[in-house]
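Report on one structure; see the data block that follows.
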Amino acid sequence: MRIPERFRLSSEPVTKAVRGLRLVGVRNAARTVLYPLRLARMNQRFGGPQGPGIRASAGEIVAVEAMPDGLLLHLEHGIASIQAITPHILRVRIVAAESMPPYFSYATLPEAAQPTPFSWTEKEEGILFETTAARLWLTRPRFGLAWADESGQWLSPGTAELAWEPSGGRLHQRFPEDVWWYGLGERAYHLALERRTYTLSTRDPEGYHPGDDPLYINIPFLLGVHQGRAFGLLWDRMSDGAITLREDGGVEYRILGDEIRLDILFGPEPAQVLARYADLTGHASLPPLWTLGYHQSRWSYEDEATVREIAREFRERRIPCDAIHFDIDYMDGFRCFTWDRKAFPDLPGLIADLHAAGFKAVGMIDPGIKVDMDYDVCADGVKEDVFCKLPDGSLFHGPVWPGECYFPDFTSPRVRTWWGTWYKRMVDAGFDGFWNDMNEPTIFGGKTFPPRTQHELEGQGAAHWQVHSAYGMQMVRATLSGLNRWRPHQRNWVFTRSAYAGTQRYASSWTADNFSTWEDLRITPAMLMNLGLSGLAFTGSDIGGFHGAPTPELYARWLTAAVFHPFFRTHTAKGTPWQEPWRYGDEVEAICRDYIGLRYRLLPAIYTLFWQYATSGMPMMRPLFFEDPTDDVFLAIDDQWLFGDHLLVAPALEEGMRRREIVLPAGTWYDFWTDARIEGKAVIERETPLDRVPLFVRGGAVLPMGPVRQFVEDNPLAPLELHIYPGTGVSWLYEDDGEGLDYRDGGYRLTRFEMTCDGSELHIRRTISGDWHPPERPITIIFHRDIAEHVFLDDIPHFVLNNQVQINEDTWQILKATIV
Ligand code: GLC
């Protein structure tokens, strides 16, 4: 595979000084060369040999045992098991031990495993293990793996090396040279992952630029696409490791510890792989509707007067906003679950006033609990024995914001319950959502916990190095279950900086401490798409950049593009200039007002995307290759994306860019702004003045929209607009009360629109399911092509004015219109 120049990171050193914060030098080639050194350092960090303690190849298959769900293979060095989890998911475990240890995973759900028929045949060259959808060869004489999908196409033609090193395992698996790789969680790279080494670990880089690695989130999941056929690889281990995507297509995997675990997911459609990944690692739940609105944050709005002023400005300037975030300075000396009574003398009163004005309050909580026996959380934690300990039994402590801190052991169910208890105070104070930060876990000085820090790990016991990447995930698990205890009838919302595979079950996320640079903006859609391809789709970036200060142009470009990101929040670091939408002059303020307004107008469609994600694992932001995974252009493109089934977004992401090229996939597209019709597959150009994000709607779409609202609950009786873009296709509209849990028992309304357009006759069939009744709002049907002056709804003629029809009754099933 050759990635077109436009989608490659520069191989030149990128050296930037951003507000004197730090210098960053990136040279990709050097990174690959440096990798062995880094791994050696990593091993050192984890205290030398921690793995099998041998240096050997896994060797030959010595004996084979049939198990109810697969095979157990005794190897010369170690043992392996092959399990059919479903016909489309195979699990391979290779362990440097004599017997197979019990399976434990934070990433995968036990209920994902279904009784799956499989067969196996012993042959001279190996054992063929088959389900109805997958074929896996266990090769001889040296044990290795090769697999093909149901079409018989080889996805991996074999193992080049499978070996144990004293510190861990190494599996070098061959893949075709022209395979394209995606996913791997949070990577500051282009969408199509470059051939290089990626570190598997959660780390706090304290600010990063394109090309820096690793970052806060470690999701060891790769989505491969080869000749249009997609497959997934989940390397489910929480210890540190590395994946090298080789020039020849091969993948070299190295991991600390004595187990290599690989779940192979078969497609062949990318969407099918993601659906299977969601079934395997868990689906995200529907978030409360307000989290889809605009959020405003900074580190920090430091006192009550500032928060009130920010809220007032939004309402006075008529810039929609749903949430104001309270970063760490609201706390009393950075003590979690407290607040500063001088700066916030009446925090509950302040939050109640925010609520009355239509805002929600989001509060930060970090894992570090200040070592201070006069602080109730610390004293109680010591008494209840919830903090992580070192092997000698002493409490581990390390410096973070409040100074020396203890850290709860979130791998213990008892500790998670204890942690959840403290949220009662925050919920009682009125906080609506929570922001869990610093949970890589981070210790100041670029550090994390010492490798031998003890964890309970659900009663099994483990050292920190064995569970490192899942610490943040277990923290948000604890947070969410606490909130569910205190607010059992509500959707609770948490977002996290660190995550591991499966974290979408508990939290959403964001890409954290980026910089106010054009390079950072350019890389953002790729980062968000790769997170979505790793199961964690409800993400966004700090709009305008965290470190540094954006120019008005950069802020406007970032915010207008982020309308089409799942999480939509401005945030900035301490010491930077104000970063609210009105700080950049009248022109930018007006642009921000209009585009935040557009986000609110699109909410019915966007909420429907979240429903799709929750039910099928389909990310809201989708790469163009979902349209055609055989075309190299679509496989590489990452400065445009699909926002759901029907919208294509192509923002200007470069300084001074006033015109850009746009690739439209096959089919009919409508320019959102002009209704011009364009036939894909085509490369077109559009002007991109500062107030224009090129946006296209697929022919055949019914795009549900609403009015501009100042916050999601504002004006519930305003008309629902159904925008009709003639063509052939299926559209959905998902609605419910936006906050409760009744939707799980049928308390929703799902509308399906099936449109056909045969020459001039347009026909839409509408079907409804679910028990929920929306408020009695009028409905406006808006046609984006000229139609005859009557439309028929269930054979009753309705008068058309300006291509619009107003109806009050929401009962129609068949719409017929004639295009003129
Ligand atoms: C971390 C977070 C950032 C936050 C800061 C202070 O750097 O990533 O978003 O503002 O800590 O809490």
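The values are calculated or read from the model by the stated rules, or taken from the named source; none is laboratory data. Everything quoted here is computed from the prediction, not taken from an experiment. Ideal geometry is used to build each Cβ from the backbone, glycine not excepted, and the neighbour counts take in all protein chains shown. Protein only, heavy atoms only, side chains kept; ligands, DNA and RNA dropped before computing areas. Shrake-Rupley method; radii C 1.70, N 1.55, O 1.52, S 1.80 Å.
Keeping the other protein chains in place, figure out the carbon and sulfur percent of the accessible area of region 676-820, with a 1.4 Å probe. On region 676-820, the fraction of accessible area on carbon and sulfur atoms equals 48 percent.
Between Thr417 and Ser616, the modelled label-to-label distance comes to 4.0 nm, taking each label 7 Å out from Cα in the direction of the beta carbon. Between Ser769 and Asp248, full extension at 0.36 nm per residue minus the direct alpha carbon distance yields a gain of 182.6 nm. Across the alpha-carbon atoms of region 678-736, the computed radius of gyration and Dmax are 15.2, 41 angstrom.
Counting Lys and Arg as +1 and Asp and Glu as -1, what is the net charge of the other residues whose Cβ lies under 11 Å from the Cβ of Ser285? Around Ser285, the charge tally is +3. Taking the 1.4 Å solvent-accessible surface of region 137-270 as the whole, the part contributed by carbon and sulfur is 42%. The Cα atoms of the chain cover 80, 68, 53 Å along the three principal axes, with the biggest extent listed first. Determine which lysines satisfy two conditions relative to Lys447: a Cα distance under 22 Å, and not lying fewer than 8 residues away in the same chain. Excluding near neighbours in sequence, the set is Lys370, Lys389, Lys574.
Projection of the Cα convex hull of region 595-705, averaged over all directions and equal to a quarter of that hull's surface, yields 7.2 nm².
Taking all protein chains as they are arranged and a probe of 1.4 Å, the heavy atoms of Tyr103 leave approximately 80 Å² accessible to solvent.
In the complete set of protein chains, residue-level accessible area for Ile768 is approximately 70 Å², probe 1.4 angstrom. Rounded to the nearest 20, the size of the Cβ-charge dipole of region 242-365 about its Cα centre is 380 debye, with Lys and Arg at +1 and Asp and Glu at -1. Converting phi to 3J(HN,Hα) with the Karplus coefficients 6.51, -1.76 and 1.60 and the offset θ = phi - 60°, region 573-588 yields 7, 5, x, 8, x, 3, 9, 10, x, 9, 8, 10, x, 5, 4, 5 Hz in sequence order, with x at every glycine or proline. Taking region 253-380 on its own, what percent of its Cα-Cα pair distances exceed 26 Å? In whole percent, the long-distance tail amounts to 49. Of the listed residues Asp736, Asp691, the order by accessible area with a 1.4 Å probe, largest first, is Asp691, Asp736.
Measuring only protein heavy atoms, the 1.4 Å probe finds Glu404 accessible over about 80 Å². Entry for region 144-222 at q = 0.11 Å⁻¹: log10 I(q)/I(0) = -0.40, Debye formula applied to identical alpha-carbon scatterers, no solvent contribution. All C-alpha to C-alpha distances of region 374-444, sorted into 5 Å bins beginning at zero, yield P(r) values of 3, 14, 22, 27, 23, 8, 2, 1, 0 percent in whole numbers.
Rolling a 1.4 Å probe across the protein heavy atoms gives the chain an accessible surface of 34 Å² per residue. Evaluated with a Cβ-only charge set (Lys, Arg +1; Asp, Glu -1), the chain carries a dipole of roughly 1280 debye about its Cα centre, given to the nearest 20.
Of the residues Thr560, Trp493, Phe221, the one whose Cα sits farthest towards the positive end of the charge dipole of the chain is Phe221 (charges of +1 on Lys and Arg Cβ, -1 on Asp and Glu Cβ, taken about the Cα centre). If the chain linking Phe104 and Arg659 were pulled fully straight, counting 0.36 nm for each residue of separation and taking away their Cα-Cα distance, it would gain 194.6 nm.
Accessible surface ranking for His763, His325, 1.4 angstrom probe, highest first: His763, His325. The DSSP beta bridges internal to the chain are antiparallel in roughly 85% of cases.
Projected label points at Leu128 and Arg485, each 7 Å from Cα along the beta carbon direction, are separated by 5.5 nanometres.
For Phe799 and Lys681, what is the calculated FRET efficiency with R₀ set at 30 Å and r taken between the beta-carbons, to the nearest 0.05? Here the calculated transfer efficiency is 0.20.
So for the chain, taking the charge dipole from beta-carbon charges (+1 Lys/Arg, -1 Asp/Glu), which of Trp164, Ile543, Ala357 sits furthest toward the positive end? Farthest towards the positive pole: Trp164. Between region 123-162 and region 681-752, the alpha-carbon centres lie 45 Å apart. Taking only the Cα atoms of region 750-820, the radius of gyration and Dmax are 12.4, 38 Å. In this rough spin-label picture, where each label sits 7 Å from Cα along the Cβ direction, the Glu809-Val382 distance is 7.2 nm. Between Leu741 and Ala97, the contour length at 0.36 nm per residue exceeds the Cα-Cα span by 227.3 nm.
Under 19 Å of direct C-alpha separation, and excluding same-chain neighbours fewer than eight residues apart, Lys360 reaches these lysines: Lys424. Convex hull volume per residue, computed on the Cα atoms of region 709-801, equals 121 Å³. Projecting the Cα atoms of Val712, His773, Gln806 onto the dipole axis of the chain, where Lys and Arg carry +1 and Asp and Glu carry -1 at the beta carbon, places Val712 farthest toward the positive end. Per atom type, region 47-122 shows carbon and sulfur on 56% of its accessible surface, probed at 1.4 Å. Remark: accessible surface ordering of His88, His773, His77 (largest first) is His773, His77, His88, probe radius 1.4 Å.
In region 505-561, the C-alpha radius of gyration followed by the widest Cα-Cα span (Dmax) gives 11.6, 37 angstrom. Roughly how far apart, in whole Å, are the Cα centres of region 369-420 and region 540-599? First find each Cα centre; the distance between them is then 37 Å. What is the sum of charges, Lys and Arg at +1 and Asp and Glu at -1, for the other residues whose Cβ falls under 9 Å from the Cβ of His325? That sum, taken over residues with Cβ under 9 Å, equals +1.
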